[in-house]
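Trainee: Here it is, the structure in full.
The values are calculated or read from the model by the stated rules, or taken from the named source; none is laboratory data. Remember, predicted model here, so these are calculated numbers, not experimental data. Ideal geometry is used to build each Cβ from the backbone, glycine not excepted, and the neighbour counts take in all protein chains shown. Just the protein is used for accessible areas: all its heavy atoms, side chains included, with ligands, DNA and RNA removed. Shrake-Rupley method; radii C 1.70, N 1.55, O 1.52, S 1.80 Å.
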Amino acid sequence: MGGIRTIPDCLVQDIEINDNTVLLLPGVDIWAKDQHRVIIEKASILLSIGGVVGAICGATIALASFGLLDNRLHTSNDLTFLEMFSLSYNGKNYYRNENSVSNNNLITAGSSGALM
């Protein structure tokens with residue numbers, strides 16, 4: 001989205017997972033597809049060992065659907081956005097209506113953060 005073209009440095013299975021790893025999940029509307037589950041699983045492992053995961057806009061839906069926002073402070077485009085597109089989202093009590101939220105090693109942002 002936004003016309004940004006990205007070229008991956010490596011395949012998902014080759015991502016080095018350690019506490020120095022930073023994984024950025026850009027805002028696109030394709031994260032709900034099953035083919036992307038493997039990268040969300042990597043994000044889950046990364047969060048569990050202290051690496052950093054950043055999720056913007058549509059990527060927050062994937063994290064919500066995988067349960068990664070259920071116990072962490074976070075934001076997105078809006079609370080209703082997460083509830084509408086992630087039927088398994090249970091993190092309502094941790095949602096913050098802010099442009100971006102950093103909580104431990106998770107950073108989340110909505111689509112309008114760059115406009116502020």
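Trainee: Surrounded by 14 or more Cβ atoms within 10 Å (Cβ to Cβ), of a type outside the set (A, V, I, L, M, F, W, C) and under 21 Å from GLU98 (Cβ atoms) - does that describe any residue in region 10-31?
Mentor: yes
Trainee: For region 91-99, indicate whether the set of residues that are within 17 Å of LEU23 (Cα to Cα) and open to solvent by less than 10 Å² (accessible area, probe 1.4 Å) is non-empty. Working first, answer last.
Mentor: Kept after step one, since they are within 17 Å of LEU23 (Cα to Cα), are these residues of region 91-99: none.
Checked against the condition, which is being within 17 Å of LEU23 (Cα to Cα) and open to solvent by less than 10 Å² (accessible area, probe 1.4 Å), region 91-99 yields no hits at all.
Trainee: Any residue in region 83-100 that's over 20 Å from LYS33 (Cα atoms): show its pairings with residues that are aliphatic (A, V, I, L, M) and part of a strand (DSSP E or B) at Cβ separation under 7 Å, as long as the two are six or more apart or on different chains.
Mentor: Partner pairs satisfying both residue conditions: ASN99/ALA109; SER100/ILE107; SER100/ALA109.
Trainee: Checking HIS36 against (1) surrounded by 15 or more Cβ atoms within 10 Å (Cβ to Cβ); (2) under 23 Å from GLU98 (Cβ atoms), which single condition isn't satisfied?
Mentor: (2)
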